Amino acid sequence: TADVNVYNFMMTDQYYLELPQDTELYVYPKHVPTERLNMLMKRIYGMISSRERLYEDPLQFAGIREYAPGDDRKKINWKASAKGQRLCVNMYDSSLASNVTIFLDVSDKGIWKQEKLAEEGIRLATALSLRILKAGGQVALYTNAYGETDGETVNISSEKNLDKYHEINRKMAEIKLEKGYEELTETFRKAADRLSVTEGIFLLISKNKKEKYGELLKAYG
């Protein structure tokens, strides 16, 4: 409910009004300046670019270029070749190359709790997801953090739709660090069961440097 208390001009009478409300208010994760992520994004884009040359999808047309020795003749675009008076071939994007799966670890196993670092991880995961979507990539986000209501960990399925911007922010805003966390190995297992493809880029965000999460992730990937 929303309560309104007011007084008259002479401050002699008080008026009170109670208004029922069904509005929800979300406080989105704090914006992370994208400049901080430039080096990481260049690494991701570089891996995507290299994989595109390996895994072309014939259903994802990306343009036309001049024929080069070694090109598959099946890719020759005869209409464009006749028009330009030189051999041209079709180029294709890869539907698998742009898959990025982000894992967010909020576990706090030390004696001193570091909630600020966990919150920074939430902000980074959110910013990365949105930036990858804006770049035309496909992103999935798995966390071992619990949400506010259903007792489940907060996860976002693989998406390639920039309209998911607000949904991603809302789900990440629902994380309640005080509810604890599930073991990251369980998060990896759930993701392995849900992911439809094993190809793609896997990114882990964690403040626990000493844990051998990279080896565990490879085992499930």
Checklist outcome for this item: Under 5 Å from the placed amide H of residue 64, counting only residues 5+ away or on other chains, we find 91
Checklist outcome for this item: Summing +1 per Lys or Arg and -1 per Asp or Glu among the other residues with Cβ less than 13 Å from residue 80's Cβ gives +4
Checklist entry - At a Förster distance of 35 Å, what's the computed FRET efficiency of residue 148 paired with residue 10, Cβ-Cβ distance as r, to 0.05? => result 0.15
Item to check | Cut-off 16 Å (backbone N to label point 7 Å along Cα→Cβ of residue 179), residues of region 129-149 | outcome: 142-149
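FYI, it's all coordinate maths here, none of it is from the lab. These figures come from a predicted structure and were not determined experimentally. Cβ sites come from the backbone with ideal geometry, for glycine too, and all protein chains shown count toward neighbours.
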